[in-house]
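First up is the structure itself, then whatever we jot down about it.
The values are calculated or read from the model by the stated rules, or taken from the named source; none is laboratory data. It should be emphasised that the depicted structure is a prediction, and the values quoted were computed from it without experimental measurement. Positions of Cβ are generated from backbone atoms using ideal geometry, with glycine treated the same way; all protein chains shown enter the neighbour counts.
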Amino acid sequence: MPSVCLYFQVHQPRRLRRFSFFDVGRIHHYEDEAENRRLLDRIAHKCYLPANAILTELIGAYGGRFRLAFSLSGVLIDQLQRYRPDVLESFRQLARTGCVEFLAETDSHSLAFLFSAQEFGEQVLLHAGRIRELFGQQGRTFRNTELIYNNDLAEAVQEMGYRVILAEGTEKLLGRRSPNHPYRPAGCDGLKLLLRNYRLSDDVAFRFSERSWADYPLTAAKYAHWLHRAAQEEAVINLFMDYETFGEHQWAETGIFPFLRELPGEVLRNRDFCFRTPAEAAEAHAAAGEIDSPGFVSWADEERDTTAWLGNAIQQDAIRALYALEPQVRRRADAGLLATWRALQTSDHFYYMCTKWFADGDVHRYFNPFESPYEAYINYMNILDDFEQTLTGTQENSHGTDAR
Amino acid sequence: MRVLMFGWEFPPRMSGGLGTACFGMTAALAGLGHRITFVLPQPGEAAAAPFLELLSAADRSAPGSEGCEPAPPGFTFRPVPALLGPYLTGGDYRQRYLAEENRFGQGCGVYGPDLIAEVMRYGRAGGAIAREAACDVIHAHDWMTVPAALNARRLSGKPLVLHIHSLEYDRSGERVNPEIRAIEREGLAQADRIIAVSHRTRRMIEELYGTDPGKISVVYNAVSRSEAGGVYRVERRAMPRTDKVVLFLGRITFQKGPDYFIEAAALVLKALPEVRFVMAGAGDMMGQMIELVGSRGIGSRVHFTGFLQGKEIERIFSLSDLYVMPSVSEPFGIAPLEAMLYDVPVIISRQSGVAEILRHALKVDFWDVADLAGKIIAVLKHPVLAGEMAQEAREELRKIRWETAAERIAEVYRQAVPSGPNA
């Protein structure tokens, strides 16, 4: 019986404040709290609260037949705890239905796996602890930041006890094979890999309101028909997307909420179909083969690689400078300093430095609080400069970025 | 199309970006098959522009004087003796006029007694060229050519395209010369089509002169690649230097914001005492700037080169680690593009037209000296940043071509001449 597997990524970065060279050594808090608060309130209002309400209602209405997964970054959890406990409570309410799986990820929504095995492991543990505490779940499924994935990651994640891992269903991994089956990562026998069906996912996430699209307007019935057609002999259709698709990337005016509300009914209209969470889907279906990914893939841009964060010299310079501080951070054994260093690891900071302007670049610019990637780099390096001075003890430790 | 073009400077005799722009633009227009007769208000040496016919308006003022040299097919280039330079103020002009008078012992009889009178005289002489130089469209650059262009339009009945590279408000801020403003207003009102070098300039034309927005087109300038670039780049890499060099290149006048450059330099030097600042150019604020440098106590770190030309400009670009254009009001600004040709990263003010098209440049508000200083420091401190900007800029420059600008200008010509050119 084919499953539909829905997973929504829920993340908002903690954006950095404008930090001039002349602030170095003088100001030691790095976050633009007012702006982050403003954006969080907006997204809570436009997306999280209305979408959570709809999902809660749907889960109630379908009595366990409608199921889905969320991954909440630790960075978002920080902000919800601080500013919007009501939103966090609405996620907890969803957790209590028993129909929602909460996935594991790096707490700082970081690229730590590419730079520090120790830091990666600690962040995953940290995040797992918070998920357990908030939602009462012991995660079985891992998704790395931006679905960045390779063989080594799969092995590391299996080692940590996870049973399922997610990645992008790109041809780079699949060749001509279908994304609609679980696979076995090369070198792993206790881990299953679920691959995002990017065409069907992006039909909602990107194309839903595009009037020039041949299939505009997209209705739940039409979409469910595609799912029913696509999955005749296949196991699981993985629809992975940012949660902000609902109400923020696709505004309420586009009809995205009625679409969401009607989707489960339309899918379940075909009695052969059901919804499963990633852990359930992986358990229900056998692996269709092995996926070998020596290089990194991600769900970003046309390239489906890591160049959105590490594609140019300034991004590489900034992130190397950040991870070069790890020994000093650990030596100081100071919770505040560690938290600050982790806050600086969030992938968005490097995304803002991306110079792939054209085509994909438009998306980058839309989400960039900086006027240019160069400004993002300069700002970041000034902050890192101040942080390093603090670390080396040339300054008082009076850091204010720790959210906990 | 046959174009009768009125300019005021052209290489090798020039003092600003207008000459550079006219050179690149006319070369590209000629490349598209247009035939251009270029009228210039100064006695020119042979310009390095085989594609142009240079016309002298001076010859018109003295009936019976010898005609022009036979020009290569398609182009005529005629200088008009006049004391005009593009960026003269009334006071400057008076000085030049008196100097010429001294040179000739008495009033030379050629030049008018003040700037406006001189512009009018050039207008009569230059406009008269339209009687014999057959053309389909008249293309004039900025206020000084307006009387000549209007005269030519009246005599020939051909449409006028007025190309605005700079307005009196850009050059003088609130202290505008009312006569110049009046000439601009007249030209903008009479012109059949107007070309603005940026949306910034288009907005100013609409807001300050109430011009019909429907007849304004924006055509961005571009930059010509010169052969010398490569040579100097090699020299730059070969030469060991410890001190980083930050360059200001432009007229040292209100419009260019030289004082913001110096105030930023003072801030930068507190953090990075080894940096050198070069102010290349001349202008009416030069003395004031030298005093400012003195009062900030940074005289040993700020160098004034005076006015530079040709190879000297290429050389100073090639020696620089960063180019800064802190203009208070810059309709376009070609110099940053030239800097980019030399792999020099650039910081430009948001109050410039070129900021509308450049992505791989850092931008500041001209008054935000601390922001400017912070960005100068960042580029000097992080070679990776400078390298990334230069590399991306090289790619960006490929798309900023005079050929593209010329195509858009030709489109404006076609709009001005709706029935197509007469034979």
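Are there any helices (runs of 4 or more DSSP H) wholly within segment A:236-339 with 1 or more residues that are within 14 Å of chain B (Cβ to nearest Cβ), and if so which?
Answer list for segment A:236-339: A:307-310, A:313-323.
If A:Ile43 meets every condition in (1) crowded, with 17+ Cβ neighbours inside 10 Å; (2) within 14 Å of chain B (Cβ to nearest Cβ) apart from one, which number is that one?
Of the numbered conditions (1) crowded, with 17+ Cβ neighbours inside 10 Å; (2) within 14 Å of chain B (Cβ to nearest Cβ), the odd one out for A:Ile43 is (2).
Listed here are the residues, each with its yes/no results for (1) out of contact with any helix residue (DSSP H, G or I) (no Cβ under 6 Å at 6 or more places or on another chain); (2) more than 23 Å from B:Gly374 (Cα to Cα); (3) part of a loop (DSSP other than H, G, I, E, B); (4) charged (D, E, K, R).
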{"residue": "B:Gln288", "(1), (2), (3), (4)": "yes, yes, no, no"}
{"residue": "B:Glu291", "(1), (2), (3), (4)": "yes, yes, no, yes"}
{"residue": "B:Thr305", "(1), (2), (3), (4)": "yes, yes, no, no"}
{"residue": "B:Glu312", "(1), (2), (3), (4)": "yes, yes, no, yes"}
{"residue": "B:Ser320", "(1), (2), (3), (4)": "yes, no, yes, no"}
{"residue": "B:Gly333", "(1), (2), (3), (4)": "no, no, yes, no"}
{"residue": "B:Pro336", "(1), (2), (3), (4)": "no, no, no, no"}
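Which condition from (1) in contact (Cβ under 8 Å) with a residue 60 or more places away in the chain; (2) buried (at least 23 other Cβ atoms within 10 Å of the Cβ) is the one that A:Gln250 breaks?
(1)
Restricting attention to segment B:356-373, report how many residues are in contact (Cβ under 8 Å) with a residue 12 or more places away in the chain, within 10 Å of chain A (Cβ to nearest Cβ) and not hydrophobic (A, V, I, L, M, F, W, C).
Counting residues in segment B:356-373 that are in contact (Cβ under 8 Å) with a residue 12 or more places away in the chain, within 10 Å of chain A (Cβ to nearest Cβ) and not hydrophobic (A, V, I, L, M, F, W, C) gives 3.
Can you go through A:Ala220, A:Ala282 and tell me which one is assigned by TED's automatic domain parsing to the domain that holds A:Gln158, among the small types (Gly, Ala, Ser), surrounded by 14 or more Cβ atoms within 10 Å (Cβ to Cβ) and over 24 Å from the mean Cα position of the chain (by Cα)?
None of the other options fit; the residue is A:Ala220.
Given the criterion assigned to a helix (DSSP H, G or I) and either outside the structural domain of B:Ile36 (by TED's automatic domain parsing) or crowded, with 24+ Cβ neighbours inside 10 Å (or both), identify the matching residue among B:Ala189, B:Ala152.
Going through B:Ala189, B:Ala152 in turn, the sole match is B:Ala152.
For residues that are of a type outside the set (Phe, Trp, Tyr), out of contact with any Pro (no Cβ under 9 Å at 6 or more places or on another chain) and not in a helix (DSSP H, G or I), tally how many sit in segment A:14-38.
11
Considering only segment A:7-22, state which residues are closer than 10 Å to A:Asn379 by Cβ, surrounded by fewer than 21 Cβ atoms within 10 Å (Cβ to Cβ) and within 13 Å of another protein chain (Cβ to nearest Cβ).
A:Arg18, A:Ser20, listed by residue number.
Give B:Leu385, B:Leu380 a once-over and let me know the one that is in contact (Cβ under 8 Å) with a residue 40 or more places away in the chain, crowded, with 20+ Cβ neighbours inside 10 Å, in contact with a strand residue (DSSP E or B) (Cβ under 8 Å, 6 or more places away or on another chain) and within 14 Å of chain A (Cβ to nearest Cβ).
Exactly one of B:Leu385, B:Leu380 is in contact (Cβ under 8 Å) with a residue 40 or more places away in the chain, crowded, with 20+ Cβ neighbours inside 10 Å, in contact with a strand residue (DSSP E or B) (Cβ under 8 Å, 6 or more places away or on another chain) and within 14 Å of chain A (Cβ to nearest Cβ), namely B:Leu380.
Kindly indicate which of A:Thr277, A:Thr346, A:Thr355 is buried (at least 17 other Cβ atoms within 10 Å of the Cβ), assigned by TED's automatic domain parsing to the domain that holds A:Phe115 and among the polar types (S, T, N, Q).
Step by step, each of A:Thr277, A:Thr346, A:Thr355 is checked, and only A:Thr277 is buried (at least 17 other Cβ atoms within 10 Å of the Cβ), assigned by TED's automatic domain parsing to the domain that holds A:Phe115 and among the polar types (S, T, N, Q).
If you scan segment A:369-384, which residues turn out to be more than 8 Å from chain B (Cβ to nearest Cβ) and either more than 25 Å from the chain's Cα centre (by Cα) or among the hydrophobic types (A, V, I, L, M, F, W, C) (or both)?
Passing the criteria: A:Phe370, A:Ala376, A:Ile383, A:Leu384.
Given the criteria touching a residue at least 12 places away in the same chain (Cβ under 8 Å), among the charged types (D, E, K, R) and closer than 21 Å to A:Trp299 by Cα, does A:Glu105 qualify?
Considered against the rule, which asks whether it is touching a residue at least 12 places away in the same chain (Cβ under 8 Å), among the charged types (D, E, K, R) and closer than 21 Å to A:Trp299 by Cα, A:Glu105 comes out as yes.
Given the conditions (1) away from every other protein chain (no Cβ under 12 Å); (2) out of contact with any strand residue (DSSP E or B) (no Cβ under 8 Å at 6 or more places or on another chain), report the number of the one that B:Lys399 does not fulfil.
Status for B:Lys399: all satisfied but (1).
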